[in-house]
Amino acid sequence: MQNTIAKYQRVFNNIVKKMKNNESILAVMVFGSIITGDLWKESDIDLFVVSKDSFEGMRNIYTQEDEVPVHIKLMSKERFLNIDGKDLIGGFIHRIFASSKLVFSKDEEITAKYDIGRYYPDSEREKWNMVYLGELLKNMSVCEKYLNVCNLYMAYSEAVKCVEDFSKLYVNSFGHMISKDIIVVAMNLDDELKELVDNLFFNKSNIEMSIQKILVYLHENIELNLKKYTSLLLEYMNKKDCFLSSEDIKIDEFFKNYKIDFESILNKLWEKRIIKRDTREFKDKNNSTLFKEKVYFI
């Protein structure tokens, strides 16, 4: 293992030296295994490289040096400086920024953009809470359905998805960044979760019971922390002070670019009597009522 680390470090230093001496390369960031330390013989060296050359989008370049695989995400300075909010806040690019190390930068504008990209406002974190909560509620429902029809294979598969969804929600709500080993991070924060997940993965004597215990834990956590996980939505609804359907909220500019299952979340808030629910006539262009649409308010 020590030989692997030394080899990767040598290759990394050689690549960085070459790029520093290349006038077209303006900045380099490193992320992934070489930062987290979980290197093994088939790990990539992951680099985010900004060039002064002009080209569209982001290019993925795969190469190798001294038999070490290297994955380069190459972007022009213009594209880098014009990364919009949906890429920067909470999404893939933001995760690179937040978990990466700026190896070097020859450009002040790029350095400033990188620093901004690492900042994660509370409001954006709370929106991601709801992304993860919506996914969790949906997958819990599917898992319970498969348990009910005695399809343990699919129930187990969905239970694993639920664990991952919950781990994202739990870790994000504590202010930590989401990573590939998110389940391990969540288990390190909660001993009860670790015990339940270990039992789900490694104790095959009663799989159905293991799944049920996971679901009970998830339901209890959501009930205990529902207001915390949805605080931004409740504040938004309070300010709007009117009847709102899940679609009304979904298309609002405030939540644009976030894939949130508002109906599942609103229904859960209504079940717990945190918000109220009514119906509203949904009419066509001739003013004929087509449906009675569910609407929510505080």
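A few remarks follow.
- Cβ-Cβ FRET estimate between PHE282 and SER179, R0 fixed at 35 Å, reported to 0.05: 0.25
- Estimated purely from DSSP H runs of n ≥ 4, each contributing -39500 (n - 2.57), the mean residue ellipticity at 222 nm for the chain is -17500 deg cm²/dmol once divided by its residues.
- Set of lysines near LYS213 by C-alpha distance (under 25 Å), chain-local residues within fewer than 8 positions excluded: LYS138, LYS145, LYS161, LYS168, LYS180, LYS194, LYS204, LYS227, LYS228, LYS268, LYS272
- Residue exposure sequence - TYR170, TYR62 - by fewest surrounding Cβ within 10 Å: TYR62, TYR170
- Computed about the Cα centre, the dipole magnitude for region 122-282 is approximately 180 debye when only Lys and Arg (+1) and Asp and Glu (-1) carry charge, each at its Cβ.
- Label point 7 Å beyond Cα of SER141 along Cβ direction - residues of region 232-247 with amide nitrogen under 14 Å: 246-247
- Radius ratio Rg over Rh of region 122-282, counting only Cα atoms, Kirkwood formula for Rh: 1.00
- Calculated from backbone phi, Karplus (6.51, -1.76, 1.60) coupling profile of region 39-48 in Hz, x at Gly/Pro: 6, 8, 5, 10, 5, 8, 8, 9, 10, 10
- In summary, the lysines within cross-link reach of LYS17, defined as a Cα separation below 28 angstrom excluding same-chain residues under 8 places away, comprise LYS7, LYS41, LYS52, LYS73, LYS77, LYS101, LYS106, LYS113.
- Distance-filtered residues of region 39-53 - backbone nitrogen under 18 Å, label point 7 angstrom along LYS101 Cα→Cβ: 39-40, 43-50
- Within straight-line cross-link reach of LYS18, aspartates and glutamates at Cα separation under 14 Å, skipping those fewer than 8 residues along the same chain: GLU65
- Efficiency of FRET between PHE55 and GLU23 - r from beta-carbon atoms, R0 25 angstrom, step 0.05: 0.95
- Applying 1/(1 + (r/R0)^6) with R0 = 41 Å to the Cβ-Cβ distance of ASP115 and VAL216 gives a FRET efficiency near 0.40.
- Loop exposure criterion: GluC sites (Glu not before Pro), DSSP state outside H, G, I, E and B, at most 13 other Cβ atoms within 10 Å. Applied to the chain, the longest stretch between such sites is 68-298.
- Sorted by Cβ density within 10 Å, fewest first, the residues TRP128, TRP270, TRP40: TRP40, TRP270, TRP128
- Order of ILE5, ILE260, ILE211 under a 10 Å beta carbon neighbour criterion, fewest first: ILE5, ILE260, ILE211
- Within the chain, the proportion of C-alpha pairs whose separation exceeds 34 Å stands at 39%.
- Tail weight of P(r) past 14 Å, computed on alpha-carbon pairs of region 167-249, percent: 71 percent
Each reported figure results from applying straightforward, stated rules to the coordinates on display, with no laboratory input. On a predicted model such as this, the values are computed, not experimentally measured, just so you know. Positions of Cβ are generated from backbone atoms using ideal geometry, with glycine treated the same way; all protein chains shown enter the neighbour counts.
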